[in-house]
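A short worksheet on the structure shown next.
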Amino acid sequence: MKRWGPYLLIGALCAWLASRVAGTGDWDADAGPAIEALAAGDVGHYLSWASLVGPFASLVQAPFVALSGGSGTVAYQWAVFPCLFGAGLCGLSLGRIAARRGAPPLTQVLLPLLFLLNPITFEALETGHPEEILTAALAIAAIATAAEGHTRRTALLLGLAIASKQWAVIAILPALMVLPSQRIKVGLGAVAVAAALFAPSVVASPSSFLDVQRAASGTPGAATPWSAWYPLASEKTEVYSVGGEQLEAQVVDAPSLATSFSHSLIVLLALVLPLAVAWRRGLPLAPSDAFALLALIGLLRCALDPADNLYYHAPLLLAMFGWDAFSSRGLPLRSLLGVGIALLFWQAWHDISDPVAFNAVYLGFASVLGIALASSLFARIDWTGVPASAVFAGRNPNFRD
């Protein structure tokens with residue numbers, strides 16, 4: 001029980017969370033048809049379906065959908081379980097890392113529990129995007145294994161993350177920068193893993209594959225109150241015909257500058273920021289710096305995306321858990337604070353009455369957090385718990401050979 005008990009408890013928790021899901025959200029319109037086709041053995045339909053969910057996340061969910069024997073909400077509940085269980089395994093791993101570093105038993109329990117039980121997980125499940133939690137967990141696990149010197153595991157986890165959702169490319173440089181050597185080899189290995197998983201879709205239906213990549217890299221015209229572009233957006237009324245009836249809806253259009261350059265700017269920052277950190281800190285990075293870097297890139301990705309959503313913040317929040325596991329010998333204060341703030345925004349979002357005020361509060365919080373993360377990486381302010389002399393000398397004091 002001492003060996004297998006934690007896995008059984010996490011599995012039971014994941015099953016309970018999955019059973020609590022009441023609807024399918026976007027799953028029916030996005031990944032659901034492809035995954036249900038794969039579960040039924042219709043590989044051709046699966047490969048030709050243009051879904052934004054990557055092949056690994058789909059392959060993980062399909063066997064459980066087949067076991068469900070149903071469709072709709074029942075199938076989705078079963079599809080949610082493996083995504084949650086993957087995140088739970090990552091949380092358990094962080095708990096063990098914290099234990100080796102001398103963290104108290106309470107921290108060892110809180111890390112895996114809150115890794116699952118947090119508002120961003122709930123939002124991702126409600127909106128039909130369990131793959132977001134799986135992808136974020138794989139990205140965190142990749143950085144954690146890199147920090148412990150496991151090159152093959154790092155390449156595998158990075159490749160699986162990219163093959164689950166394309167945004168996981170923001171974790172590549174933070175993970176590689178933690179490694180003491182073989183960075184190019186690990187990076188090529190991750191690309192090879194992702195390419196092998198994407199290859200069947202490319203061969204079966206090149207046009208569908210290209211359509212998905214264009215949709216993933218393109219910028220939608222709408223703006224949400226979670227975005228830095230929202231104050232510059234404009235409202236308009238659009239008329240839709242539904243069942244022979246004319247319905248009006250208020251649409252918030254993002255400014256043309258955002259639709260043209262926002263995603264390109266995010267990609268540019270995901271490249272420039274790691275290079276700047278490497279110049280400032282030296283290589284290899286301390287694990288705490290790598291998680292802070294992922295959190296900062298994740299925050300900028302959210303704020304600069306016109307159609308930002310709460311569940312987009314999964315890598316930002318879960319990076320705090322990795323940061324605490326590698327740097328805190330007390331309670332995981334960053335994780336607790338992150339979950340608390342996410343809870344406040346989650347509740348405010350579901351009871352939103354003034355989007356403009358909500359946007360102002362969110363941007364204020366994002367600015368403060370961005371400054372704190374940037375100061376941790378670039379200024380001589382030690383937010384990590386790692387001796388500053390070791391960090392600035394470019395050594396990784398947590399690396400275990």
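The values are calculated or read from the model by the stated rules, or taken from the named source; none is laboratory data. Please read all numbers here as calculations on a predicted model, not as lab measurements. Because the Cβ atoms are built from the backbone with ideal geometry, glycine has one as well, and the counts that use them run over all protein chains shown. Only protein heavy atoms, including side chains, enter the accessible area calculation; ligands, DNA and RNA are left aside. Shrake-Rupley method; radii C 1.70, N 1.55, O 1.52, S 1.80 Å.
Only residues that are of a type outside the set (Val, Ile, Thr), in a helix (DSSP H, G or I) and either open to solvent by less than 50 Å² (accessible area, probe 1.4 Å) or modelled with pLDDT of 95 or more (or both): list them for region 20-35, please.
25, 27, 32, 33, 34
Here's the yes/no breakdown for (1) modelled with pLDDT under 95; (2) open to solvent by less than 40 Å² (accessible area, probe 1.4 Å); (3) among the acidic types (Asp, Glu):
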position	(1), (2), (3)
350	yes, no, no
361	no, no, no
364	no, yes, no
369	no, yes, no
372	no, yes, no
381	yes, no, no
384	yes, yes, no
391	yes, yes, no
Failed criterion for residue 53 (all others in (1) touching a residue at least 40 places away in the same chain (Cβ under 8 Å); (2) surrounded by fewer than 22 Cβ atoms within 10 Å (Cβ to Cβ) hold): (2)
Residues of region 65-99 that turn out to be within 17 Å of residue 42 (Cα to Cα) and open to solvent by 10 Å² or more (accessible area, probe 1.4 Å), as a count: 6
Residue count for region 150-166, restricted to those that are open to solvent by 30 Å² or more (accessible area, probe 1.4 Å) and touching a residue at least 40 places away in the same chain (Cβ under 8 Å): 1
Count of region 108-123 residues which are among the aromatic types (Phe, Trp, Tyr), surrounded by fewer than 24 Cβ atoms within 10 Å (Cβ to Cβ) and under 15 Å from residue 334 (Cα atoms): 0
Any hit, region 81-90, residues being more than 18 Å from residue 12 (Cβ to Cβ) and either assigned to a helix (DSSP H, G or I) or not basic (Lys, Arg) (or both): no
Residue 127 within 19 Å of residue 14 (Cβ to Cβ) and touching a residue at least 12 places away in the same chain (Cβ under 8 Å): yes
Restricting region 197-249 to residues that are at pLDDT below 70 and assigned to a helix (DSSP H, G or I), the residue that is surrounded by the fewest Cβ atoms within 10 Å (Cβ to Cβ): 217
